[in-house]
1. Measure nothing fancy, just the Cα-based angle from helix 93-104's long axis to the longest principal axis of the chain, in degrees from 0 to 90, nearest 10.
2. Evaluate E = 1/(1 + (r/R0)^6) for residue 28 and residue 119, where r is the Cβ-Cβ distance and R0 equals 41 Å; express this FRET efficiency to the nearest 0.05.
3. Write down the Å³ per residue value for the convex hull defined by the alpha carbon atoms of segment 15-64.
4. Multiply the residue separation of residue 417 and residue 293 by 0.36 nm, subtract the distance between their alpha-carbon atoms, and state the gained length in nm to one decimal.
5. Using label points projected 7 Å from each Cα along Cα→Cβ, tell me how many nm separate residue 304 and residue 40, to one decimal.
6. Starting from 0.36 nm per residue, how many nanometres of slack lie between residue 226 and residue 49 once their C-alpha separation is accounted for?
7. When N is the residue count of the chain, what does its C-alpha Rg come to as a fraction of 2.2 N^0.38 Å?
8. Take every Cα-Cα distance within segment 2-197, group them into 10 Å bins from 0 onward, and report for each bin the whole-number percent of pairs it holds.
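Bear in mind that the values in this text are calculations on the coordinates, not laboratory data. Predicted model only: the values in this text are computed from it and were never measured. Cβ atoms come from the backbone with ideal geometry, glycine included; neighbour counts cover every protein chain shown.
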């Protein structure tokens, strides 16, 4: 077992005690990898070194990936489990993971998370059901708290030390390319949410995640299909279906529809663009742009869009992208990433979403729980950004996260004025969202 630590001395004792004295299957080796801590981490670690199973390694700030790799490299055990020093293992978690590995004959096993606040009080269970785990999830099974064989770590090349962010996600994708995985239906890892765990550079993390996905597509030899149909829908999201006229409002010299069409074409993905004929004015705009019209009732693109659009075009498409014009600040990269996510995860549907601000109620396995604190990757998700990708024959749903002001919907005069004021105060938003 490898415990990676950097300035988590206040949490390290609980972490080590959970590993050494609360597990039915005791670990043969525990390596504490201190990556340049300046707090009490070395002193706390020293109090456990009397145990022959425990060793300590001091590094000088090489990063999480490097620290994990150095620690794993020091172990001689067949099975590896990495643990972050601010988290801990619930009783008998290691036994449950080992039993899951034995029953499934998988080289990588994970379970559900027990979410806690900074004091360690439980907030609820975060299920990581294998049917919804995939490349499009905001979260995937973390590298920490998962049990995997050393030979698997060697095959995938360990954690990529060139990545500043998303090294766990990259590791997970490589694992799924090399091995079967198995899920244990119980809480096996206590994840402590505190100020130090919150993402402070969300855009850099998002860009890194997108890059990791594209690397995986390249490794797997998956390219963009020849036929990807886009349907510009003024009835999406459903909460905006009464705002059709807003699609022809202007920000600068362009209508919302003009801006969206330009983004779609710049993506280089669309084989066809169809417009939902939701009003005579929208139909007239589509004709002026030489775009096909689809006769769809409001919201029907979500249920029978592929069939109707195939009839409109005269041929089926591998993917259908339903996209709303009401989000003028949507980063065009989200369009491409949504399609790439559907392909990578084999999903039936992928949506753009944003995290719901805290405090709020979040639905856990044991019911609705109040969740406080700052925005976190573990937060609940709300459809936003106006992109939904549909793939026939896929499984499960994936998600691509958007960030302010991408989720800002322009549907009435008040929101239009707010968007225009935002652009006036920050004109770079016009450039960045094109």
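1. The angle comes out at about 70 degrees.
2. In this case the efficiency is close to 0.85.
3. Values: hull volume 4.1 nm³, N = 50.
In segment 15-64, the Cα convex hull volume per residue is 83 Å³.
4. Answer, rounded to one decimal: 41.7 nm.
5. 6.7 nm
6. Computed gain between residue 226 and residue 49 is 57.7 nm.
7. Values: Rg = 24.1 Å, N = 434, 2.2 N^0.38 = 22.1 Å.
Dividing the Cα radius of gyration by 2.2 N^0.38 Å gives 1.09.
8. For segment 2-197, the binned pair fractions read 9, 38, 40, 12, 0 percent.
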